[in-house]
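Inspection log for the structure reproduced underneath, given as structure tokens.
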Amino acid sequence: MAKLFALTLIAIAIASAIPILMHTWDPPADISTHGPLIDKQMSETMVEAGLLFLAAQIILAIFVWKFSGRRKDAKIGRFPGGATGLVLAAFILVGAELLVLGVFGTKAWASVYFNPPSANAMPIQVQAGQFAFYFRYPGPDGKFGPLHPDQINEASQNVFGLDQTNDPDSKDDIVTAELAVPANREIYLLMHAKDVGHSFYVRELRVQQDFVPGLDLSIHFTATKTGRYEIVCTQLCGLGHYNMKAYLEVLSQEDFDNWLKQQAALQ
Amino acid sequence: MHDMSAHAAGQHHAPPQSFIRKHIFSLDHKVIGKQYYDLGLLAVLTGMVLSWLMRIHLAWPKFGIPGVGWLSKAGAPGGVITPEYYLSLMTMHGTLMVFFVLTNVPFAGFGNYFLPIQIGAEDMAFPRFNMMSFWTTFVAFLVLVSAFFVGGGPPLSGWTAYAPLSAVGAVAGPGQGAGQILWATAIGLFCIGQLLGSLNFITTTLDLRTKGMTLMRMPISTWAWFITSCMGLTAFAVLLPACVLLILDHVAGTSFFIPSNLVISDQLQPHSGGATLLWQHLFWFFGHPEVYIAIVPGIGIVSHILITNMRRPLLSHKVIIGSLGAISFLSYMVYGHHMFLSGMNPFTALVFSFPTLVITIPATIIVLIWIGSLYGSKLRINSASLFALGFISMFVSGGISGFFLAQPSIDIYLHATYFVVGHFHMVMGVAAIFGMFAGTYFWFPKMFGRMMNETLGKIHFWLTLVGTYCIFMPFHYLGFAGNVRRYSAFVNDYLQPLLPVHKFITIAALCTGAAQLIFLYNLIYSRFKGAPAPQNPWEGTSLEWTVPSPPPFDNFGGKHPVVYHDPYQYGVESSTGDYVMQDSPEQVKAVG
Amino acid sequence: MAATVHEPPKPETPEAPPRLGHSGGGWRDLVPTNENLHAVEDHSPEPASTGIWVGLAAITMSFAALTSALIVRQGGSTDWRHFTLPRILYFNTLVLLASSSTLELSRRRAASFISGVGSGLAKPVRWLYATLSLGLLFLAGQYMAWLQLKAEGLYLATNPSSSFFYILTAAHALHVMGGLGGLIYVIRRLSRSVLRQSTLDAASYYWHFMDILWLYLLWLLWMRL
């Protein structure tokens, strides 16, 4: 039975590793400027984690095989180095990993969060509410009009609660159901939660950030490849959570300008 | 001298006579331990069935599951689960499993039964508080389950119940009114039960050890229960006021967690000024120690069982205990790793990430000591030791995925995906459960005076080991692909190619679930028809093996054991064989 | 804490059975192997003495959680409305402090009686009744404070500041009621001369903690509200 245990464990370990080695379910290709650092972090972690995983399962299997069913008069052996050696090994192994992963991880995190958006980043506001994302562009005046929650009206499609009659800054705001951005241009995304907690996640962009009601949060990113990508909500927000999504369109500058003009005309 | 202590306040009590005193409102820690175990069994069966419903729905969304329509006409018309009911089932699954299974069985169940015996006491320090703690927990269970039967059904905000979704009331979704209030009440009651229990464990361990039972002579399982109760005392004491504040936001119009200007269904909500993140801070300050409360007893039980079956002590008793202490201490410093993307100051993410990575060190030490102790041992294979070894494998698997999540930059991609779900199911949903299985197979003979069927136990083990890997390893792959969690259906474009994986998982889950019937059958059959168990079937050294199977009412028959030895004197030459029991005056030379 | 000395067993007679309700406690000395269980001083505390500190630790954590909730709630938004604390709170504080003094008087007299000095249990019991009355007076005074706030239009949900006022005072009052229950238990047992010193001590520590907790809460409310 010990041999069966060992073989099963080794089989499970190898079977678990195969989809990883074959890249069967990898993250999608990255389309952001900060993504490569995150991806590098992930691969390094995967190598270390993978090696540790395989080593632990295989050694466990081997020891169970070797040291069961021994004769009654067999002697109890002591692992070379005893507890001290293992404690040192744990400190050194894990300590080294901590240093490597921790230090590099800080760089990746900092590149996303510790740099403010550049001066010419394009501001776009996104509002998350049960169960849709809506986006707002400031229009030619470059200013967002104030939000009036009491004037939100789904029926009349005033999802942001804008008062375009009385607020001059709101008059040229462009509200869309899609997030279109020009490629290679930094985007400054202002995040507003209408009702409960939500989250903004675009896998390819390596971006995820919660919307927190009551807090003005923002992120910034630069998309590098044109295409159509899914934005999904990742913070449980109610029964429509599974269906709360929008599309990110990364367009050439020219296509983006045309798109924005079209959207402005639809307001 | 005026001796006022003729009757100690509740510590010593006469043997019960009536049926009610013996089996229902019992002061005996052994009965209370079994009651916790049985309640945990009821909860895990319920939770498992809920998980089946969830998995079937995810794999075959249009399939009308027979019986569910009876449970809720609105939630599952014709047996087809609605999106809101899926989330309600998910919420109840998580709540039942984390609270009523993982906190109850390894800690309150086995701990109540065996901690007093392992330290040589005749009962817990406060038997009346002990009885109250179980019955409070039981009432909490009833209150929780009653949420199924109120209008709107159970809440849909998950076991984590994030505000404002959990705080604004029924306007946010079905189940968010009465259901959420019942949930918060149930959890609040649960906290009180746990606090009373922790009070007992700590006081008993410190004060009621028998002569010669120094702290370092306590078995590792006893240490694990003691350390867990220290965490329980502090963590549940924080969750309780949080639940009270949540209930007040519902019923009293306060705004602890609800900020201003929320608009739900075009209605401006009448709350203002509350702090959404406050709930997350309070919850996770409890929540992270809670998951260690779920695993530390398992580590203790598995160590105890492995040592007995390896016929040698671990390479270092002190290092294991120190590591358990370190893990528990660090567990209070890491809770922000659940909130990396929550809008907290990004600098705090690094502050929480560091101890999260550091906690790997004591966890690694424990695993290395286990594996290193296997070297040169004389391992015996039986159901208990198999599950203990399976625990090691699962703990490694689940712990390693933690590596990824501990780093905020990687969490940007993996947060709220199935990777997280895979991680915590591996450690809590499998490893901790393996600990419970191991404990059951190991201690059943002592508790019931009968042996469990070994063949059935081994079959149960193989099916469960392979089955749980088949269920939960793929969760990690789904996570790498970016499959978001807590979705009741997979409608996104990028999720379509992953549907076959979900079907595979569902089938594995149903098969593995069915395999648990073998365990259930074994458990019940052996209660009545199992072979009579000897006093010390595993040739163990700790004090539970010095008393009859099952032990008498006061454990040691009025005698008070005297302890002469460390808990794990194996690999020696003695009159009993290769081991000497803790209460034996025989002096032996240790071998190896 | 009572120190018990076990008489060394005489060789002819069997060892005297341990005192009822005390399973040896846990003397930490390594037991010699010549099986001569000679005189051992048992220093282990009575469970009630340990238990009370454990319980107080839990209560501290709960109020710490409420404190951080208050701080976060106040700092996170601009809607906090300050108000003056009802004056009766200060009177109530004195009442509670007085009750602690009467309790101490009772406890010390009972302790001397139990250890063989002291004249009787009548006085300690009377002081306990005094403590009980003062405790009830404290609760009545807290209720008056609530009525005062209501008269000013400050209810539970009026403002976060009033919310925390009610919650903190209510939580404290609930625990005080528990303490009153403990006092009643102690009075009944003391009157029948079946009380352990450790139980009386535990009840006293709990009550004094209610004092200290109240002083802390008063300071917190005064600072923040």
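The values are calculated or read from the model by the stated rules, or taken from the named source; none is laboratory data. If you're wondering where the values come from, they're calculated on a predicted model, not measured in any experiment. So basically every Cβ, Gly included, is an ideal-geometry build from the backbone, and we count neighbours across all protein chains shown.
Descriptive notes on the structure:
- The range B:203-215, subset in a helix (DSSP H, G or I) and surrounded by fewer than 24 Cβ atoms within 10 Å (Cβ to Cβ), residue farthest from the other protein chains (Cβ to nearest Cβ): B:Leu215
- Qualifying positions in the range B:301-339 - farther than 23 Å from B:Phe387 by Cβ, more than 9 Å from chain A (Cβ to nearest Cβ) and part of a loop (DSSP other than H, G, I, E, B): B:Ser331, B:Tyr332, B:Met333, B:Val334
- Yes/no for B:His271 being surrounded by fewer than 24 Cβ atoms within 10 Å (Cβ to Cβ), closer than 30 Å to A:His220 by Cα and of a type outside the set (D, E, K, R): no
- Looking across the range B:153-167, the residues that are facing chain A (nearest Cβ under 7 Å) and in contact (Cβ under 8 Å) with a residue 40 or more places away in the chain come down to B:Leu156, B:Ser157, B:Gly158, B:Tyr162, B:Pro164.
- Reported count of residues in the range B:242-260, each being within 25 Å of the chain's Cα centre (by Cα) and over 12 Å from C:Tyr166 (Cβ atoms), is 3.
- Any hit, the range A:140-150, residues being surrounded by 16 or more Cβ atoms within 10 Å (Cβ to Cβ) and away from chain B (no Cβ under 14 Å): yes
- Qualifying residue in the range B:501-520 (condition: away from chain A (no Cβ under 14 Å) and assigned to a loop (DSSP other than H, G, I, E, B)): no
- Criterion (more than 19 Å from B:Val291 (Cβ to Cβ), part of a helix (DSSP H, G or I), facing another protein chain (nearest Cβ under 10 Å) and of a type in the set (A, V, I, L, M, F, W, C)) met by exactly one of B:Phe461, B:Phe403, B:Phe444: B:Phe461
- One residue alone among C:Ser44, C:Ser77, C:Ser23 is of a type in the set (Gly, Ala, Ser), part of a loop (DSSP other than H, G, I, E, B) and modelled with pLDDT of 85 or more, and that residue is C:Ser77.
- From the options C:Phe209, C:Phe164, residue that is over 18 Å from C:Ile88 (Cβ atoms), within 14 Å of chain B (Cβ to nearest Cβ) and modelled with pLDDT of 95 or more: C:Phe164
- Index of the failed condition, B:Ala275 passing every other in (1) aliphatic (A, V, I, L, M); (2) closer than 30 Å to A:Gly238 by Cα; (3) away from chain A (no Cβ under 13 Å): (3)
Residue-by-condition table, conditions (1) in contact with a Phe, Trp or Tyr (Cβ under 8 Å, 6 or more places away or on another chain); (2) under 26 Å from B:Ala508 (Cα atoms):
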| residue | (1), (2) |
| --- | --- |
| B:Gln17 | no, no |
| B:His23 | no, no |
| B:Gln35 | yes, no |
| B:Arg55 | no, yes |
| B:Leu58 | yes, yes |
| B:Ile65 | no, yes |
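- All told, B:Leu71 falls short of being at pLDDT 95 or above and of a type outside the set (Val, Ile, Thr).
- Pairs with Cβ under 8 Å, 6+ apart, first in the range A:3-30 and of a type in the set (Lys, Arg), second outside any loop (DSSP other than H, G, I, E, B) and crowded, with 17+ Cβ neighbours inside 10 Å: A:Lys3/A:Trp65
- Test: residue in the range A:25-36 that is facing chain B (nearest Cβ under 8 Å), in contact with a helix residue (DSSP H, G or I) (Cβ under 6 Å, 6 or more places away or on another chain), in a helix (DSSP H, G or I) and not hydroxyl-bearing (Ser, Thr, Tyr): no
- Qualifying residue in the range B:374-381 (condition: in contact (Cβ under 8 Å) with a residue 60 or more places away in the chain, in a helix (DSSP H, G or I), more than 30 Å from A:Cys233 (Cβ to Cβ) and at the interface with chain A (Cβ under 7 Å from one of its Cβ atoms)): yes
- Which listed residue, of B:Ile371, B:Ile361, is within 8 Å of chain A (Cβ to nearest Cβ) and either over 26 Å from A:Gly102 (Cα atoms) or among the aromatic types (Phe, Trp, Tyr) (or both): B:Ile371
One line per residue, one yes/no per condition, for (1) outside the structural domain of A:Asp26 (by TED's automatic domain parsing); (2) part of a strand (DSSP E or B); (3) of a type in the set (A, V, I, L, M, F, W, C):
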position: A:Asp163; (1), (2), (3): yes, no, no
position: A:Tyr201; (1), (2), (3): yes, yes, no
position: A:Thr222; (1), (2), (3): yes, yes, no
position: A:Lys225; (1), (2), (3): yes, no, no
position: A:Ile231; (1), (2), (3): yes, yes, yes
position: A:Gln235; (1), (2), (3): yes, no, no
position: A:Tyr247; (1), (2), (3): yes, yes, no
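- If only residues of the range C:94-106 that are out of contact with any Leu (no Cβ under 6 Å at 6 or more places or on another chain) and in contact (Cβ under 8 Å) with a residue 24 or more places away in the chain are counted, the one that is farthest from C:Tyr166 (Cα to Cα) is C:Glu104.
- Any chance B:Ser574 is more than 12 Å from every other protein chain (Cβ to nearest Cβ) and either loosely packed, with under 15 Cβ neighbours inside 10 Å or touching a Pro at 6+ places or on another chain (Cβ under 8 Å) (or both): no
- When B:Gln176 is tested against (1) closer than 30 Å to B:Pro567 by Cα; (2) free of Cβ contacts under 8 Å to residues at least 40 places away in the same chain; (3) touching a Pro at 6+ places or on another chain (Cβ under 7 Å); (4) not basic (Lys, Arg), exactly one condition is not met: (1).
- Close pairs (6 angstrom Cβ cut-off, 6 or more residues apart or separate chains): more than 7 Å from chain B (Cβ to nearest Cβ) in the range C:63-83, surrounded by 17 or more Cβ atoms within 10 Å (Cβ to Cβ) and of a type in the set (Ser, Thr, Tyr) anywhere: C:Trp80/C:Ser161; C:Arg81/C:Ser161
- The single condition from (1) in contact (Cβ under 8 Å) with a residue 24 or more places away in the chain; (2) within 13 Å of chain A (Cβ to nearest Cβ) that B:Phe347 fails is (1).
- Considering residues of the range B:481-500 that are more than 7 Å from every other protein chain (Cβ to nearest Cβ) and not in a loop (DSSP other than H, G, I, E, B) only, the residue surrounded by the most Cβ atoms within 10 Å (Cβ to Cβ): B:Leu495
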